[in-house]
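Below: the structure, in structure tokens.
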Amino acid sequence: MIGCALLVLGIAVALVLNALRDSIVFFSTPAMVAEKHIPAGKRFRLGGLVEPGSLQRGEHLAVSFKISDGSATLPVAYQGILPDLFREGQGVVAEGALDPAGVFKADTVLAKHDETYMPKEVADALKKQGHWKDDYGANAGKKSGDGGKSMQGASR
Amino acid sequence: MTLIDLANPTRFLSLTAKVLPWLAGATAVLLIVGLYQSAMAPDDYQQGATVKIMFIHVPNAWLAMFVWGIMSVAALGTLVWRHPLADVAAKAAAPIGAAFTFLALVTGSLWGRPMWGTYWEWDARLTSVLILFLMYLGLMALWRAVEDPSRAARAAAILTLVGAINLPIIKFSVDWWNTLHQPASVMRMGGSSLDRAFLVPLLVMAIAFSLLFITLHLAAMRNEILRRRIRTLQMMQAGRPTV
């Protein structure tokens, strides 16, 4: 009896969660944005990797970069302090809206990190041996926000 | 030694009185070793020294879910097997689980600010853990709201089993939906993605926190048994005709 009740409850919850799938996702990727035709001015969160080589810094902490998910890319403009983990190739989530020109105007930028943890020496050694899959250190740039602290551009 | 032998509260009290000092000692030793190893762990290649928050945050988060799992087994014990100590175990576990969940939320928040750039976001993992915390509080309120212990136990057991639906949602939220929180590092397909330098202190801390829970839980169960005996004595006292 209890088992049946729990089973029914479990199915109900699964159906609810499935119906709410669109609102539970924390961010949309550029490909999802293209698919959903989100109108200009509607707020949403855009997530993906900062495309290497796309980061440009302007006056007064203004930055522009591109967010890519491998199949689609969207240009992003932002003004403010970026989180420590922000760098090219890093996963980020930006909150804001598209402007009529198709540029995503972000008012918040959050950094994501992946589930890999290793000491810096191990990461350096892996890179030296050529076992590092992506562009570790290749795209390290200077950040305006943190006094030019050196960055390691590593992420998946 | 089976669960049936433990069903007698008096035997439970005498047995735990012997075991508790050893458990407390083992907890203290492992906590000291784990904290020392955590402090000595190297910096992470991308997170720097903030990775050390993990050694506190992750055991708290695991225990937050583990305790609800224990309470779910106890709830079955109450509803199905009518084990006399099951509702004592469930009632004693709730405040401890709530404390672990609260610490997981606070340490996660303090970790999120430097790494993600925010204390709180309504992503699926964070929200589902907040719901777990609120359910712990609701469960504790329910235990207190019903005066008769056996009726309170049945109501709480049903709420506990309903709340158990949340456990797989918490665990798999990072796989099912886009979240700000990263996917699992230790308990995942294809082995841990944690370097040994972080994995060893984390596992020591996890064992230490589990022992801490068992110690606190047994002590809280003893208190609950004694509290019920006092209640029974008071009822008998009140029922006796005064001279």
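Numbers below:
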{"item": "Euclidean distance between Cα centres, segment B:1-64 to segment B:185-235, Å", "result": "6 Å"}
{"item": "Chain B: radius of gyration over Cα atoms, expressed as a fraction of 2.2 N^0.38 Å", "result": "1.15"}
{"item": "Under 5 Å, built H, 5+ apart or other chain: amide partners of A:LYS105", "result": "A:ALA77, A:ALA97, A:LEU98, A:ASP99"}
{"item": "Residue range of chain B that is longest and free of chymotrypsin sites (Phe, Trp or Tyr not before Pro) which are both DSSP loop and sparsely packed (at most 15 other C-beta within 10 Å)", "result": "B:123-243"}
{"item": "Segment A:50-81 and segment A:1-32: distance between their alpha carbon centers, rounded to Å", "result": "34 Å"}
{"item": "In nm, spacing of pseudo-spin labels at B:ARG240 and A:LYS128 (7 Å Cα→C-beta vector)", "result": "8.2 nm"}
{"item": "Computed over the protein assembly as shown, Cα set: Rg, Dmax in Å", "result": "25.5, 93"}
{"item": "Per-residue mean of C-beta atoms belonging to partner chains within 10 Å, peptide A:86-93", "result": "2"}
{"item": "Protection proxy ranking of B:217-223, A:63-69 - average other beta-carbon atoms within 10 Å, highest first", "result": "A:63-69, B:217-223"}
{"item": "MRE, 222 nm, helices only [DSSP H, n ≥ 4, -39500 (n - 2.57), over chain B, to nearest 500]", "result": "-26000 deg cm²/dmol"}
{"item": "Förster-model FRET efficiency, 45 Å R0, B:ALA17 and A:VAL16, C-beta, rounded to 0.05", "result": "0.45"}
{"item": "Long-range amide H partners of B:GLY117 with built H, under 5 Å", "result": "A:ALA111"}
{"item": "Cα convex hull volume per residue for segment B:48-180 (Å³)", "result": "96 Å³"}
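Rule-based calculations on the coordinates, nothing more; no lab input. Note that this is a predicted model, so its numbers are computed, not measured. FYI the Cβ positions are ideal-geometry reconstructions off the backbone, even for glycines, and counts take in every protein chain you see.
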